[in-house]
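For reference, the structure discussed in these notes is given below.
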Amino acid sequence: MALTTLRPAAARSRGTLHTPGRPKRSLLLTIVTGIVLVYSLIPLIWLLINSTKSQGDLFSTFGLWFGSEFNFFENLARALSYDDGIFLRWLGNTLLYVVAGAGGATLLAVLGGYALAKFEFPGKKAVFAVVIGAVAVPGTALAVPTFWMFSSMSLTDTPWAIIIPSLISPFGLYLMWSFAKEAIPADLMEAARIDGASELRTFWQVCLPLLAPGTVTVLLFTMVATWNNYFLPLIMLRDPDWFPLTLGLNQWNSQAATAGGEAIFDLVLMGSLLTIIPLIIAFLFLQRYWQSGLSAGGVKE
């Protein structure tokens, strides 16, 4: 008894007793995590600092320190009003593509993943094989065939050329299939059917709330992919009035290289800062659902 009592005390004195409340500390892991954190934050810090500089200070001062003038609000006003406020038009286009494209892709992924996980039908294995194969195909490999197909339908240089391809998310469909398979108990669906609920009501009132973490996870992935989409708009759009932010900022950035073009690198940096703010806000507000969605299925009871 005395020996049993002394062992925990000796372990505590040597610092080797670890509980869930006091996990083991690793110096190497702490250092690696700190390096990754610094690596991730330096570009954001650089962007924030340089968005406060004038055009001259961008090339005459140290990149990670402020310039002689604090031009943040001047750059903000110029970025929003430059070229008759074209930045706001690009922002509106991007929001349109995200709401229609990423929102539609999330809806289709939820419906398709739920059906694949909870219903049996002929050809289910073939559909699943096609989905897995589609995940392995990079989007750039389909860009040129997609362009020719939309060109034959006279849909290029229109918002539909961006929205319709964004509706297809094989990875989102696979993620929702795997999540729905574990998150929705078959007994719960059977109880709802016994109570007289239709399939639509069972999905809407019983299953959909359980799919919320996975739905938010897919929404975040598709939203980021659509928000940062560059190659598809590059080959589909020619009219600057339909450009998303990625394409519009690249046009501003390359403006100085054109004959008679005006260098507006200070506005490019300010526009880039404004572009990433909505994504940061979305991740911060949806982080709780996102983390639970990623860990779904990792622990089986």
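The values are calculated or read from the model by the stated rules, or taken from the named source; none is laboratory data. What you are looking at is a predicted structure, and each value in this text was computed from that prediction instead of being measured. Here the Cβ is made from the backbone with ideal geometry for all residues, glycine too, and neighbour counts use every protein chain on show.
At a glance:
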read-out: Residue among Val135, Val131 that alone is more than 21 Å from Pro209 (Cβ to Cβ), in contact with a Leu (Cβ under 7 Å, 6 or more places away or on another chain) and either modelled with pLDDT under 90 or of a type in the set (Phe, Trp, Tyr) (or both); value: Val131
read-out: Of all residues in the range 24-69 being among the hydroxyl-bearing types (Ser, Thr, Tyr) and part of a helix (DSSP H, G or I), the one that is nearest to Leu274 (Cα to Cα); value: Ser40
read-out: Hits in the range 176-198 - residues which are without any contact (Cβ under 8 Å) to a residue 40 or more places away in the chain, surrounded by fewer than 16 Cβ atoms within 10 Å (Cβ to Cβ) and part of a helix (DSSP H, G or I); value: Asp187, Leu188, Glu190, Ala191, Arg193, Ile194
read-out: Number of the condition not met by Ile264 [criteria: (1) modelled with pLDDT of 90 or more; (2) surrounded by 20 or more Cβ atoms within 10 Å (Cβ to Cβ); (3) closer than 27 Å to Ser51 by Cα]; value: (1)
read-out: Residues of the range 36-78 classified as among the aromatic types (Phe, Trp, Tyr) and within 13 Å of Asp266 (Cβ to Cβ), total; value: 4
read-out: Subset of the range 70-80 [in a helix (DSSP H, G or I) and surrounded by 13 or more Cβ atoms within 10 Å (Cβ to Cβ)]; value: Phe72, Glu74, Asn75, Leu76, Arg78, Ala79, Leu80
read-out: Selected residue (criterion: surrounded by the most Cβ atoms within 10 Å (Cβ to Cβ)) from residues of the range 155-175 that are in a helix (DSSP H, G or I) and hydroxyl-bearing (Ser, Thr, Tyr); value: Ser166
